[in-house]
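Everything on this sheet refers to the single structure shown next.
Coordinate-derived values only; no laboratory data. Note that the structure is a prediction, hence the values are computed from the model and not measured. All Cβ positions, glycine included, derive from the backbone under ideal geometry; neighbour counts span all protein chains shown.
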Amino acid sequence: MKIFIKNYRHSRIEGPIENNFLSKAEYKYALLLKDQLSYKEISEKLNRSIRSVEDAVYKLKDKFNLKDVRTLQSYLKLIL
């Protein structure tokens with residue numbers, strides 16, 4: 001499953017969204033996390049607060065039933 005993002009900030013997803021498991025916004029966060037960007041870098045790219053990034057990462061960890069960010073990043077590298 002490959003997702004292509006034209007621009008992290010203003011993008012639309014061009015690829016399969018399998019069973020709508022993740023929203024478009026969650027895909028954006030997931031792709032940036034997969035690239036091991038810091039919360040600050042993600043917040044700057046998406047023009048969001050660091051707190052918003054923390055909340056999104058928490059929700060992603062919860063959806064995938066993972067306990068920490070490093071495990072989430074490793075998992076995202078496998079599936080995206």
Out of all the residues in segment 49-58, which are closer than 13 Å to L37 by Cα and over 12 Å from the mean Cα position of the chain (by Cα)?
I50
Could you grab me the full set of residues in segment 59-80 that are farther than 16 Å from D35 by Cα and small (G, A, S)?
none
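For segment 32-80, how many residues are without any contact (Cβ under 8 Å) to a residue 24 or more places away in the chain and not in a loop (DSSP other than H, G, I, E, B)?
19
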